[in-house]
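*Asks:* Here it is, the structure in full.
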Amino acid sequence: MAQLLSALPMPVLLPFLLFLAAAGAGAGAEEAASASSPTLVFLLAGQSNMGGRGGATSGTWDGVVPPDCAPSPRILRLSPSLRWEEAREPLHAGIDLHNVLGGATPIANWSRGTPLYDRMLARARAALANGSTSLGALLWYQGEADTIRRQDADVYTSRMEAFVRDVRQDLGMPDLLVIQVGLATGQGKFVDIVREAQKRVSLHNVKYVDAKGLPVASDYTHLTTPAQVRLGKMLAASYLAATL
């Protein structure tokens, strides 16, 4: 099983993929070369909580790798040079467009034609280019920046729906599974409005996993490392429920 890291990868994906591997949901990396056993790819996108900042809230990464996030030869990442390699923490090394605590990107910055959108699509196409891979889902954790201005919070549903439609159209996958994470925190005072807007997305095959209630780090913005691990398992359960 392989993972595709788009603009922002996160530690939750190692427990996410290990959980799927244990459930028998994907092919092993050693089988990826076989056309009959395609490698399962996951596209990640969002802002800093998608990048995984649980161990980096003080400005530098603490280097702590939970057992759930141990590397496995069955889990790969697409490197900055667009080559498959064994996934190891920090998963976002060389890929994250921002510094260790950055990533405050409103959803408008992900609209079709923006640098983030174009880079995400380019990496997705590279991951799917050889025909031995298939796209399992787009995992989306974003919205904290849209809690700052009321006008952004009010239009989040329509912007999210446009984003999903554009990604599906541009990848030629009208039924692509999208799993969005409900906000646990925000950068402004309109968190509840964005959370409700996320729940109102009514496109088919778009699922919702709620991060609210998971432990938050001392910066009041980013999930802790244990919370990221828990979220990874929640995403895996959502994926399995939607596909098995």
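*Asks:* Can you tell me which condition P115 does not meet? The list is (1) open to solvent by less than 20 Å² (accessible area, probe 1.4 Å); (2) over 12 Å from V194 (Cβ atoms), and all the others hold.
*Replies:* If we test P115 against (1) open to solvent by less than 20 Å² (accessible area, probe 1.4 Å); (2) over 12 Å from V194 (Cβ atoms), just (1) comes out false.
*Asks:* Could you list all residues from the range 201-240 that are within 19 Å of Y156 (Cβ to Cβ) and of a type in the set (F, W, Y)?
*Replies:* Within the range 201-240, just Y208 meets the criteria.
*Asks:* Next question, about the same structure. Here are the criteria: (1) at pLDDT 95 or above; (2) open to solvent by 30 Å² or more (accessible area, probe 1.4 Å). Tell me which single one D146 does not satisfy.
*Replies:* The number of the failed condition is (2).
*Asks:* For the range 174-187, give me each residue that is open to solvent by 30 Å² or more (accessible area, probe 1.4 Å) and either farther than 19 Å from L235 by Cβ or of a type in the set (F, W, Y) (or both).
*Replies:* Within the range 174-187, P174, Q187 meet the criteria.
*Asks:* List the pairs whose first member sits in the range 108-129 and is assigned to a helix (DSSP H, G or I), whose second member is surrounded by 14 or more Cβ atoms within 10 Å (Cβ to Cβ) and basic (K, R), and whose Cβ atoms are under 8 Å apart, counting only residues at least 6 apart or on separate chains?
*Replies:* As it stands, the answer is A108/R159, since those pairs meet every condition given.
*Asks:* Taking the conditions exactly as written (open to solvent by 50 Å² or more (accessible area, probe 1.4 Å), in a helix (DSSP H, G or I) and touching a Leu at 6+ places or on another chain (Cβ under 7 Å)), does R168 satisfy them or not? Give the derivation first.
*Replies:* Numbers: open to solvent by 50 Å² or more (accessible area, probe 1.4 Å): no; in a helix (DSSP H, G or I): yes; touching a Leu at 6+ places or on another chain (Cβ under 7 Å): yes.
Answer is no for this residue.
*Asks:* A further question follows. Taking into account only those residues within the range 189-238 that are in contact with a helix residue (DSSP H, G or I) (Cβ under 9 Å, 6 or more places away or on another chain), among the small types (G, A, S) and surrounded by fewer than 18 Cβ atoms within 10 Å (Cβ to Cβ), which is farthest from V164 (Cα to Cα)?
*Replies:* A237
*Asks:* Right, another one. For H222, which of the numbered conditions (1) touching a strand residue (DSSP E or B) at 6+ places or on another chain (Cβ under 6 Å); (2) touching a residue at least 60 places away in the same chain (Cβ under 8 Å) fails to hold?
*Replies:* So H222 meets the others, but not (1).
*Asks:* If S158 passes every condition in (1) over 19 Å from the mean Cα position of the chain (by Cα); (2) closer than 13 Å to I193 by Cβ but one, which one does it miss?
*Replies:* Result: S158 fails condition (2) only.
*Asks:* Which of the residues that make up the range 172-200 are in contact with a strand residue (DSSP E or B) (Cβ under 7 Å, 6 or more places away or on another chain) and closer than 25 Å to R119 by Cα?
*Replies:* If the condition is that a residue be in contact with a strand residue (DSSP E or B) (Cβ under 7 Å, 6 or more places away or on another chain) and closer than 25 Å to R119 by Cα, then M173, L176, L177, V178, I179, Q180, V181, G182, Q198 are the ones that fit.
*Asks:* Sticking with this structure for a sec: Looking only at the range 149-165, how many residues end up being touching a Phe, Trp or Tyr at 6+ places or on another chain (Cβ under 7 Å) and either β-branched (V, I, T) or open to solvent by 80 Å² or more (accessible area, probe 1.4 Å) (or both)?
*Replies:* 1
*Asks:* Has the range 204-221 got at least one residue that is part of a loop (DSSP other than H, G, I, E, B), among the aromatic types (F, W, Y) and more than 24 Å from A126 (Cβ to Cβ)?
*Replies:* yes
*Asks:* Here's something else I'd like to know. Could you tell me how many of the residues in the range 118-133 are of a type in the set (A, V, I, L, M) and surrounded by fewer than 18 Cβ atoms within 10 Å (Cβ to Cβ)?
*Replies:* The initial filter retains those residues of the range 118-133 that are of a type in the set (A, V, I, L, M), namely 120-122, 124, 126-129.
Narrowing further to those that are surrounded by fewer than 18 Cβ atoms within 10 Å (Cβ to Cβ): 121-122, 126, 129.
Of the residues in the range 118-133, 4 are of a type in the set (A, V, I, L, M) and surrounded by fewer than 18 Cβ atoms within 10 Å (Cβ to Cβ).
*Asks:* crowded, with 22+ Cβ neighbours inside 10 Å and at pLDDT below 75: which single residue out of G46, G102, G52, G136 fits that description? Show your work before the answer.
*Replies:* Values: G46 fails: at pLDDT below 75; G102 fails: crowded, with 22+ Cβ neighbours inside 10 Å; G136 fails: at pLDDT below 75.
Just a single option satisfies the conditions, and that option is G52.
*Asks:* Give all pairs with beta carbons closer than 8 Å in which a residue from the range 51-72 that is over 13 Å from P90 (Cβ atoms) meets a residue that is acidic (D, E); count only pairs at least 6 apart in sequence or on separate chains.
*Replies:* T57/D219; S72/E86
The values are calculated or read from the model by the stated rules, or taken from the named source; none is laboratory data. Keep in mind the model is a prediction, meaning the values are calculated, not measured. We place every Cβ from the backbone using ideal geometry, glycine too, and count neighbours over all the protein chains shown. Side chains are part of the model used for accessible areas, which takes the heavy atoms of the whole protein and leaves out ligands, DNA and RNA. Shrake-Rupley method; radii C 1.70, N 1.55, O 1.52, S 1.80 Å.
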